[in-house]
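> Quick one: structure below, then a few questions.
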Amino acid sequence: MRRTDRNKQENNRGILSRTLILLALAFPLHALAQTSADANKLLSVWAGTLPIILSAPHGGREPIPGAAARRGVGVAQFSTGRDSNTDELAEAVALKLGERLGVKPFLVIARFDRKFLDVNRPAAGAFETAAAKPFYDAYHRALAESSEQVRARWGGGLLLDLHGQGAEVETIYRGTDNGETVAALVQRHGKEALSGAKSIFGQLAAKGYHVLPDPSGSERERRYVGGYTARTYGSHRGTKIDAIQMEIGTNLRAKANLQRTAHDLAAAIEIFAREFLPIDKAAIADLPRP
Ligand SMILES: [Zn+2]
C-alpha cells in the first residue's frame with residue numbers, strides 16, 4: 001500500500017469513527033421512541049367505563065423483534081407455554097360485558113408470545129434480552145394506568161387476570177393468595193363476595209362449572225394461588241383494586257367452547273358487579289337484561 005493511500009484510509013477511518021460516535025449518541029433516543037411505539041403495537045388496551053380490568057398476559061402469539069426465546073436459567077417455575085385462546089377469551093368476555101351492561105371494562109391483552117417475555121413475573125425473571133424490556137414496561141404501564149383510572153373514578157374495583165391450565169381440563173381455579181389480593185373486597189363485604197352465591201366463582205359453580213377451591217367449602221387455594229400481577233396490583237397492598245387470577249382448563253378454552261365460556265363468565269361477572277362493585281347503577285339499571 002502506498003503511503004498516500006494509507007493516509008487517505010486513516011483519514012477515512014477517522015471520519016467513520018466520528019460518524020459512529022455521533023450515531024451512538026443519536027441512536028438511543030431514536031430507539032427508545034421506536035421501541036415504545038412498537039411495544040404498544042403488541043398490546044390490546046381498552047380504557048373502560050366500568051371498574052373492572054380484564055388482563056390476559058399469556059395468550060399472545062407474536063414474536064418480539066430482536067428478542068431470542070427465553071431459556072430460563074436460574075428462573076424459578078420457568079414456563080414458556082402459551083395459555084391458548086385466553087386472549088380471545090378476554091376480548092369476548094369484555095365485549096359481552098359491554099353488551100350486558102352498556103358500559104365496558106378496561107382490557108389489557110398481551111399479543112407477544114410468552115416464549116420471549118413473561119409479564120406475570122418480576123422484571124428480573126421476565127425477559128432475557130433488552131429488546132423485550134419496552135414490551136414488559138408497556139404492559140405494566142397499561143395495567144398501572146387502568147388501575148389508577150379505576151381508583152380515580154370509582155374509588156376501587158376488580159382486576160381479573162385470565163390464564164389457562166392443562167392440569168384439570170374442565171376446572172377453573174381461583175388464585176387470590178388465599179384472600180390476600182382481595183383483602184379490601186372481603187373486608188367490605190365478607191367472604192360472600194369471594195365464594196358466596198353472588199360471587200364470580202359461586203355463580204360459575206351454580207352454572208355447573210367445576211371450580212377450585214370449592215366455593216361452598218373452606219378449602220385453601222393450593223395449586224394456583226395467584227402470580228405476580230395479582231400480588232402486585234391486589235388490594236392487600238392498599239391499591240383498592242381486588243385482584244383475582246383465574247386459571248381456566250384447556251377444554252373450556254377450546255375454540256368450540258370459547259363463546260359459551262365467555263358468555264357464562266360475563267354473566268357471572270355481571271351478577272358480581274351489580275352486587276359488590278361501585279358501578280353507576282342508575283346508568284345501567286334500565287338496560288334490558290339479555
Ligand atoms: Zn398463565
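Laboratory data are not the source of any read-out in this text; all were calculated from the coordinates shown. Quick caveat, the model's predicted, so the values are computed rather than measured. Counting neighbours? That spans all protein chains shown, and the Cβs are built from the backbone with ideal geometry, glycine included.
> Local charge sum around Ser199 (other residues, Cβ-Cβ under 9 Å, Lys/Arg +1, Asp/Glu -1)?
0
> Here is a further query. Expected output is a single nm value to one decimal: the length gained when fully extending between Val75 and Trp154, i.e. 0.36 nm times separation in residues minus the C-alpha distance. What is it?
Residue separation times 0.36 nm, minus the Cα-Cα distance, leaves 24.7 nm.
> Using the Karplus equation 6.51 cos²θ - 1.76 cosθ + 1.60 (θ = phi - 60°), what ³J(HN,Hα) coupling, rounded to whole Hz, does each residue of region 43-49 give in order, writing x for Gly and Pro?
Listing the rounded values in order: 10, 10, 10, 10, 8, x, 10 Hz.
> Next question. Working from the alpha-carbon coordinates of region 42-279, get Rg over Rh, Rh being the Kirkwood radius.
Here the Rg-to-Rh quotient is 0.94.
> In whole Hz and in residue order, list the ³J(HN,Hα) couplings for region 258-264 that follow from phi through the Karplus curve 6.51 cos²θ - 1.76 cosθ + 1.60, θ = phi - 60°; x for Gly and Pro.
Those phi angles translate into 4, 5, 5, 4, 4, 4, 5 Hz.
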